[in-house]
1. Only one residue in D496, D481 is modelled with pLDDT under 95, farther than 28 Å from V391 by Cα and surrounded by fewer than 21 Cβ atoms within 10 Å (Cβ to Cβ). Which one?
2. Take region 526-543 and flag every residue that is in contact (Cβ under 8 Å) with a residue 12 or more places away in the chain, within 16 Å of I455 (Cα to Cα) and part of a loop (DSSP other than H, G, I, E, B).
3. Give region 416-437 a look and list any residue that's charged (D, E, K, R) and at pLDDT 95 or above, or say none.
4. Can you spot a residue in region 432-442 that is surrounded by fewer than 18 Cβ atoms within 10 Å (Cβ to Cβ) and of a type in the set (A, V, I, L, M, F, W, C)?
Amino acid sequence: MKYFLSLFLAIALLTACKENPTAVKSEISEKNLREYIKTLSSDEFQGRKPFTAGEEKTVNFLENEAKRIGLQPANSSSYTQDVPLTEITGHPSPTLDLFGKNQVSLHLGDDYVAFTQRTDTSISITNADVVFCGYGVTAPEYNWADYANVDVKGKIVIVLVNDPPPGMGGTDSTFFKGNAMTYYGRWTYKYEEAARQGAVGIFIVHETATAGYPYNVVREASTGAKLNLQSLPYTPCQIQGWISTEAAEEIFKSADLDFQKAKIAAKTPGFKAMPLPYKGSVSIKNEIRSNTSKNVIAMIPGTDQKDEYIIYTAHWDHFGISTPVDGDSIYNGACDNASGSAALLTIAESMMKAGPYKRTVVFLWVTAEEQGLLGSAYYGAHPIFPPAQTVANLNMDALGTFGEMKDLSVTGYGQSELDDYAKRWAEKQDRYVLPDQEPEKGHFFRSDHFNFAKIGIPALDAKGNYDHREKGIAFAKEQGDDYRTNHYHQPSDEYDEAKWNMGGMLQDAELYMNIGKELANSQDWPKWKAGSEFKAIREKDRK
């Protein structure tokens with residue numbers, strides 16, 4: 001009887017492992033993961049915005065937990081890296097006015113949003129010519145030049161979000177990478193290029209499908225104080241911002257033009273910029289202060305390969321206290337990104353217990369991601385560990401809250417050999433790897449791993465979000481759509497003890513931990529794959 005009972009239990013255990021891989025084998029503590037998220041996203045932390053009491057609480061908490069776990073300071077004797085930032089609280093004019101045959105007045109918030117990266121207390125653009133410049137892209141490798149044969153110095157430019165292929169169906173995978181957004185499609189690039197061309201103002205036409213988020217996200221992000229690195233690599237336009245699709249349609253209609261036809265023309269090679277029959281006026285008054293935010297950085301020192309580094313990242317910040325929604329003004333950021341910050345703590349604790357490792361393992365919680373990836377950008381410009389000696393970056397951002405997944409979706413799939421590590425460890429969890437299913441939204445450029453890629457370090461950003469283990473693809477899409485529409489960058493992104501199913505988060509944390517362990521005890525250096533725009537940077541740096 002004992003034999004059969006033991007056999008039955010063994011079979012049951014094996015079946016449970018196969019059906020629910022993380023439930024039995026995970027070394028990550030769900031209890032600790034929940035407690036970390038609950039703490040970091042509590043009202044006490046005030047939405048974790050840099051330059052606030054919420055930052056001080058967050059940095060102290062992360063540093064104290066790093067010490068408790070037994071991690072060593074990674075910035076000489078310090079657990080933090082200073083990140084000098086300038087905070088600009090802009091007060092744009094109530095309207096953006098376009099004067100022509102018919103006057104068009106766009107109302108702040110509903111129709112347009114504006115901000116500046118310049119540290120002037122008052123900025124005014126008066127009676128500037130207005131030009132529609134397609135996608136605002138200059139890409140010689142694709143023979144694409146939206147600013148060709150037009151002088152936009154001193155003018156306001158209006159450009160489309162994303163890059164050309166979304167409207168072309170992405171049929172040619174070699175042209176702007178097909179349906180996948182390139183860096184040319186990011187709003188940061190468009191602002192930089194407009195500045196290089198001499199424009200005084202730039203407004204991007206928002207469209208939810210090609211931006212990847214609804215208009216209220218850019219409206220909220222442009223409200224109140226915005227942070228910038230104190231030292232910028234270029235001189236920005238005087239005023240930057242967005243206009244709604246409806247506003248763009250009104251601008252074109254009042255000029256007896258068709259916005260939809262202009263969009264189609266903008267997707268055609270050889271497009272020529274269209275001067276619009278308007279003079280534009282808009283202004284901003286600024287409150288300015290400079291301060292220092294903090295990246296938190298700790299490590300498990302390596303042994304015989306201690307001068308080679310694996311760097312885990314997650315951003316600790318969110319939007320703080322801002323515009324109330326349904327009476328709630330605290331943007332707690334439970335999923336985005338208390339989840340990633342908490343996962344790094346649990347990974348660090350598990351890896352600390354299982355160490356030591358040949359290579360040094362670094363845990364970096366960066367500031368001001370929500371303000372434009374600023375903390376990781378500062379680290380990229382002022383790395384504590386040499387990029388040439390940094391093996392890989394493993395980034396975690398906004399992990400799933402609705403249960404175990406069958407997939408592991410990799411943003412920027414095909415960029416580096418880290419895909420192969422992810423695939424191997426995903427298969428051990430009975431999961432399959434697939435590329436990001438929304439490549440047109442440019443997720444590879446929207447989190448902190450991008451700033452490591454920019455300096456040549458192979459970077460991984462992945463999570464399960466496409467195929468729920470029990471309820472399938474449709475359920476996962478429903479959950480993802482609900483989060484993006486109703487909770488992303490909203491006060492309602494809150495921890496829910498009863499509703500949150502941590503299975504998927506545990507899967508992802510365990511997978512990241514296992515990749516880190518493998519790299520930490522290896523002599524291999526994952527490479528960028530052929531065709532990656534970051535391959536040449538790495539090869540030059542590693543010579």
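1. Exactly one of D496, D481 is modelled with pLDDT under 95, farther than 28 Å from V391 by Cα and surrounded by fewer than 21 Cβ atoms within 10 Å (Cβ to Cβ), namely D481.
2. P526, K527, K529, S532, E533, F534, R542
3. Passing the criteria: E417, D419, D420, K423, R424, E427, K428, D430, R431.
4. For region 432-442, residues surrounded by fewer than 18 Cβ atoms within 10 Å (Cβ to Cβ) and of a type in the set (A, V, I, L, M, F, W, C): present.
Listed here are the residues, each with its yes/no results for (1) touching a Leu at 6+ places or on another chain (Cβ under 9 Å); (2) of a type in the set (S, T, N, Q); (3) at pLDDT below 95; (4) surrounded by fewer than 23 Cβ atoms within 10 Å (Cβ to Cβ).
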| position | (1), (2), (3), (4) |
| --- | --- |
| A343 | yes, no, no, no |
| H382 | no, no, no, yes |
| P387 | no, no, no, yes |
| G400 | no, no, no, no |
| G403 | no, no, no, yes |
| G414 | no, no, yes, yes |
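This table checks each residue for (1) farther than 12 Å from A199 by Cα; (2) among the basic types (K, R); (3) assigned to a loop (DSSP other than H, G, I, E, B).
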position	(1), (2), (3)
D110	yes, no, yes
T119	yes, no, yes
T126	yes, no, no
V130	no, no, no
G134	yes, no, yes
N149	yes, no, yes
G154	no, no, yes
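The values are calculated or read from the model by the stated rules, or taken from the named source; none is laboratory data. All values derive from a computational prediction rather than experimental measurement. Because the Cβ atoms are built from the backbone with ideal geometry, glycine has one as well, and the counts that use them run over all protein chains shown.
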